[in-house]
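Notes for the one structure printed next.
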Amino acid sequence: MTEYKLVRSMRKTVAITVEADGTVVVRAPHTAARAVVDGFVQSKQAWIEETTARMKQRAAARQRVSLTPEQIRECKAKARAYLTSRAEHFAGIMGVRFKEIKISSAHTRWGSCNAKGTINFAYRLVLAPPELADYVVVHELAHLVELNHSKRFWRLVDRILPDYKDRERRLQEWQNGLEFIQGGF
């Protein structure tokens, strides 16, 4: 049987995930007997093997981008100028105003927006194809009108970028194809 990391919580069901490094994580209720959890893992053996193989294949195909601290500083400066320019451009079209653009080293998100009008972008976005960066800019500007992902939010994004679904898919593919290594290792 597959080795796995067991995480107990207040949840009601058992769930399995395979992390990027291949670790199998099983989340289970505190009340679930270990035999029940083991049985569930055994019943999902084929899925675990298939998913683990797919993750390894994806990792092997991933292009590694190694950036030194100096290169990261340069990317952040370029990102600030470029993304501020794009945000000003689209804000004019959308009729919205933002307060401030911040550039971060975020790993798990491309951008975020708060109710005060501050928009954060990951510096890595400056390395993306321009049309994909524009999608993130428009997405975050739309949050100045709708601080959620409601139908109204997506209608606003669609009005500006009718091909936003394709751009979103391509951004995910681009992200999955890269591994950023900070520190120049």
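A few points about this structure:
- When residues of the stretch 90-134 are limited to those that are in contact with a Ser or Thr (Cβ under 9 Å, 6 or more places away or on another chain) and of a type in the set (D, E, K, R), the one farthest from residue 156 (Cα to Cα): 124
- One residue stands out among those in the stretch 135-169 that are touching a Leu at 6+ places or on another chain (Cβ under 7 Å) and touching a residue at least 40 places away in the same chain (Cβ under 8 Å): the one that is farthest from residue 109 (Cα to Cα), which is 145.
- Among the conditions (1) under 17 Å from residue 76 (Cα atoms); (2) of a type outside the set (Ser, Thr, Tyr); (3) out of contact with any strand residue (DSSP E or B) (no Cβ under 6 Å at 6 or more places or on another chain); (4) surrounded by 15 or more Cβ atoms within 10 Å (Cβ to Cβ), residue 130 misses just one, which is (4).
- Among the residues here, residue 104 does not qualify as assigned by TED's automatic domain parsing to the domain that holds residue 158 and more than 20 Å from residue 176 (Cα to Cα).
- Tally of residues being crowded, with 20+ Cβ neighbours inside 10 Å and not in a loop (DSSP other than H, G, I, E, B) across the stretch 135-155: 8
- Residue 21 being assigned to a loop (DSSP other than H, G, I, E, B) and charged (D, E, K, R): yes
- For residue 119, the conditions (1) over 21 Å from residue 73 (Cβ atoms); (2) surrounded by 15 or more Cβ atoms within 10 Å (Cβ to Cβ); (3) in contact with a strand residue (DSSP E or B) (Cβ under 8 Å, 6 or more places away or on another chain) all hold with the exception of (1).
- Screening residue 82 against (1) in the same structural domain as residue 125 (by TED's automatic domain parsing); (2) over 30 Å from residue 129 (Cβ atoms) leaves a single unmet condition, (2).
- Every pair of residues 6+ apart whose Cβ atoms lie under 7 Å, when the first sits in the stretch 33-45 and is assigned by TED's automatic domain parsing to the domain that holds residue 13 while the second is at pLDDT 95 or above and outside any loop (DSSP other than H, G, I, E, B): 37/6; 37/26; 37/28; 41/16; 41/26; 44/16
The values are calculated or read from the model by the stated rules, or taken from the named source; none is laboratory data. None of these values were measured; they are calculated from a predicted model. Reconstructed Cβ throughout: ideal geometry from the backbone, glycine too, with neighbour counts over all protein chains shown.
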